[in-house]
1. I need the calculated FRET efficiency for the pair GLU137 and ARG99, taking r as the beta carbon distance and R₀ as 41 Å, to the nearest 0.05.
2. So which lysines can LYS222 reach, going by Cα to Cα under 19 Å and dropping same-chain residues fewer than 8 places off?
3. Using a basic spin-label model with each label point 7 Å from the Cα along Cα→Cβ, how many nm lie between LYS82 and ASP39?
4. Quote to one decimal, in nm, the extra length available between LYS127 and ASP223 on full extension: 0.36 nm per residue of separation minus the C-alpha distance between them.
5. Full-extension gain between SER209 and VAL89, please, as 0.36 nm times their residue separation minus the C-alpha to C-alpha distance.
6. So how do 108-115, 224-231 stack up, highest first, on mean other-Cβ count within 10 Å?
Amino acid sequence: MDTDEDRKLMVCRSCGNTYDYDYFGEENLLKAAGKALADGEYSTAKNMYSFMLDKEPSNVKALKGLLLAGNRVNKLYDITFKIKEGKFVPGCFNLDKYRNTNSPEAVKFFEDTDKVLSLYKEYLELKKAGKNLEADEDKAERELDDSSGESFFYYDSDEGLKAKAIGAGVIIVILADLTLIFGLDYETPVWVVPVLAVAMVAAFIYLLSALLRMHANKKERKDSLMTELDSIDTAQDDNRHEMHRVLGEINAIFKEMNSY
């Protein structure tokens, strides 16, 4: 059976006969809608459930059927998989035009759907946080891999310390040249060469301390990255646990909804 929503008719695919929705009656209409749902004819089922609700807004079976048809599933539990796969259609839970009812079952239905939507929003936030943690993990792992291949000396990110090391190296070269020049000059005062040598040793010590500091910084950064990765791993475990909890609570609500 197909639906003609404009004329509120059901059209038989085999013989072409048409039937007014009212022809089926409540029980038969819900049965026909359920069959359409089971056959994967979600648009037909949705139209039939909507027509039923226009006549009887508090019909909980039609309300639940509309949720199923809107998400193209046959069971409420399947909506949880839709949420997990990112294919959930939250707009199908927007049934406010049917809320004006005093039916206890309908009131309970809307309370439960509100809880599902709230949990769905929480799930999206957790999913977003999980992606951010994955990005942080990838960044830290790339930096750790890069640092492992760096030289002994030039890992340090402090450009000032690098500049000091380079400056000390340049000074050593200059002092060495001067020592050589003045050492070969017989007219050079006797005290000049020793002074240059002492200055060169001092510059060398300064250069060595700067290089050792840079190497120590490399090790500290690697240790920091390892600690950061451990922290991210723990946060990811907690995040997955929370996502599992939320899905479990949604399933529990759907289980309760199946009971009425």
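Rule-based calculations on the coordinates, nothing more; no lab input. Bear in mind that the values here come from a model prediction, so they are computed numbers and not experimental data. Neighbour counts are summed over all protein chains in view; Cβ atoms, including those assigned to glycine, are modelled from backbone coordinates with ideal geometry.
1. On the way: r = 44 Å, r/R0 = 1.07.
The calculated FRET efficiency here is 0.40.
2. Reachable lysines: LYS139, LYS162.
3. 2.1 nm
4. Values: separation 96, 0.36 × 96 = 34.56 nm, distance 2.87 nm.
Net length gain for the segment: 31.7 nm.
5. On the way: separation 120, 0.36 × 120 = 43.20 nm, distance 6.28 nm.
Contour length minus Cα-Cα distance gives 36.9 nm.
6. On the way: 108-115: 15.9, 224-231: 13.5.
Going from most to least packed, we get 108-115, 224-231.
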